[in-house]
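Down below is the structure, laid out as structure tokens.
Bear in mind these aren't lab numbers, they're just calculated from the coordinates by the rules spelled out. Bear in mind that the values here come from a model prediction, so they are computed numbers and not experimental data. Cβ placement follows ideal geometry from the backbone for every residue including glycine, while neighbour counts extend to all protein chains displayed.
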Amino acid sequence: MERVKTFIQERLLPEEAEKLYQQGAKFEEIMMMYGCALREVQTKLEVLNDELSVRYNRNPIEFIKTRVKKPLSIVNKLQRRGLEVSIESMVENLNDVAGIRVICYFLDDIYDVARWLSSQDDIRLLQVKDYIKNPKPNGYRSLHLIVEVPVFFSKGRQMMRVEVQIRTIAMDFWASLEHQLSYKKDVPHSEEIGAELKECAEVISHTDQRMQEIREKIGIFTELT
Ligand code: GTP
Ligand code: MG
């Protein structure tokens with residue numbers, strides 16, 4: 001931040017420089033707070049996975065990825081929605097500044113993880129979007145939760161919003177390829193590719209269901225409720 005301070009001081013009127021610097025410092029602080037919220041949620045999920053692993057030899061979570069939204073994406077999203085570009089507007093309007101992706105093995109694991117997490121008494125569940133029961137037209141599948149989690153700072157408790165995306169390994173594989181298509185401009189035959197991807201999404205969904213059924217047939221984990 002010191003380097004940024006010098007940079008803006010050299011180029012702006014003192015009062016403008018001071019204002020910009022204050023905003024920068026505030027932005028850095030709020031992004032730190034979102035990062036801490038992600039660590040809280042990640043720890044909660046890891047605790048669940050550890051417990052189930054020891055008690056039932058079950059590991060519902062394959063891996064967890066976290067990210068804090070980049071400043072440019074924040075500005076783009078606010079502008080796209082016709083909202084004011086400010087820190088206050090970001091905190092009020094954006095649910096996905098802090099994002100965590102939970103990759104599970106089986107379909108049932110997704111709903112179990114969502115239930116275990118959202119029923120914790122310090123977690124406030126704000127929104128559920130079930131794109132598994134209601135896939136997007138392109139074939140996208142995933143369970144999205146918006147939660148608020150308390151984070152304890154020196155000044156006290158702060159509720160922070162986090163977007164949690166829970167999906168199977170297969171859904172994640174699909175979503176990463178589809179994401180590349182949606183970000184690439186001027187892809188030749190993009191319509192056919194879209195149709196092919198949609199077909200793959202159906203195959204994947206069918207496979208996820210069969211894998212779940214096979215697991216049930218093997219009879220492991222059935223004692224768990
Ligand atoms: P965004 O403005 O994209 O955040 O949409 P939203 O606020 O309506 O929320 P939604 O639950 O639809 O999507 C949130 C996030 O889910 C996105 O930022 C992506 O990470 C992911 N997502 C949603 N739809 C798709 C999709 O069609 N393909 C892929 N690859 N990811 C998606
Ligand atoms: Mg998003």
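Things worth noting here:
- In nm, spacing of pseudo-spin labels at Ala25 and Ala195 (7 Å Cα→C-beta vector): 5.9 nm
- Here the dipole of region 31-218 is about 460 debye; that uses its Cα centre as origin and unit charges on the Cβ of Lys and Arg (positive) and Asp and Glu (negative).
- Cα gyration tensor category, rounded, prolate or oblate, for region 31-218 with a/c compared to 1.5: oblate
- Prolate/oblate/rounded call for region 82-169, Cα gyration tensor, a/c under 1.5 rounded: oblate
- Put simply, when 161-167, 110-116 are sorted by average Cβ atoms within 10 angstrom per residue, most first, you get 161-167, 110-116.
- One Cα centroid belongs to region 96-138, the other to region 31-76; the line between them spans 12 Å.
- FRET E, pair Asn95, Ile218, Förster distance 45 Å, beta-carbon r, rounded to 0.05: 0.75
- Anisotropy class of region 109-225 from Cα gyration tensor, a/c 1.5 cut: oblate
- Pairwise label distance in nanometres, Gln209 with Ser53, each label 7 Å out on the Cα-Cβ vector: 3.2 nm
- Length added when fully stretched, Ser118-Val85, from 0.36 nm per residue minus Cα-Cα: 8.8 nm
- Pairs beyond 20 Å (Cα-Cα), from Lys26/Lys69; Lys77/Lys185; Lys26/Lys70; Lys44/Lys77: Lys44/Lys77
- Between Val4 and Ser73, the FRET efficiency from the beta-carbon distance, with R0 = 25 Å, is close to 0.80.
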